[in-house]
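> Following this message is one structure expressed as structure tokens.
The values are calculated or read from the model by the stated rules, or taken from the named source; none is laboratory data. If you're wondering where the values come from, they're calculated on a predicted model, not measured in any experiment. Glycine also receives a Cβ, built like all others from the backbone with ideal geometry; neighbour counts cover every protein chain displayed.
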Amino acid sequence: MTHTNKRAYQWTVSGDTGLSSKAIWAAMMGVESAGDYPHDPSDFGRCYRLLKLIPEWQERLPEIAKAHPHWQPLVDRWDEMTALYEKESPNGYCPDLYRLMISMRDEIMALQGFGKINEGHYSRTLST
């Protein structure tokens, strides 16, 4: 077992996991997942800490967008999200990061086949 894989497997029992960080883990380990994405700074924080534990995965983030195209907006702005998280998280509150994440939500949902009904509400679109 490689050193990276050992750290990755140890992370799975760390208690600092969530659906979106598990999606990153799955993409990096070649395992299928639902592809859940981070919805708020707490979700992002778990992803951030996973990538701090296994920094060699940072450059491989495009792999999750390949497996789950709705991750592409997040991957494209990951460095910006990281900078905001690092700046704001010591205060325990990340309003700028949250605003950025919300600003991407319509695109993320559309990439999953959802249309916006109104603010914060989406419905599966029908393909013709």
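> Consider only pairs whose beta carbons are under 6 Å apart and that are at least six residues apart or on different chains; among these, list those whose first residue lies in region 101-120 and is closer than 19 Å to Ser20 by Cβ and of a type in the set (D, E, K, R) and whose second residue is modelled with pLDDT of 95 or more and surrounded by 15 or more Cβ atoms within 10 Å (Cβ to Cβ).
Listed by first residue and then by second, the contacts come to Glu107/Pro73.
> Something else now. Taking the condition of being basic (Lys, Arg) and either crowded, with 17+ Cβ neighbours inside 10 Å or over 18 Å from the mean Cα position of the chain (by Cα) (or both), how many residues in region 67-104 meet it?
Residues in region 67-104 being basic (Lys, Arg) and either crowded, with 17+ Cβ neighbours inside 10 Å or over 18 Å from the mean Cα position of the chain (by Cα) (or both): 1 in total.
> Can you find, within region 78-121, the residue that is nearest to Tyr48 (Cα to Cα) among those that are of a type in the set (Lys, Arg) and in a helix (DSSP H, G or I)?
Lys87
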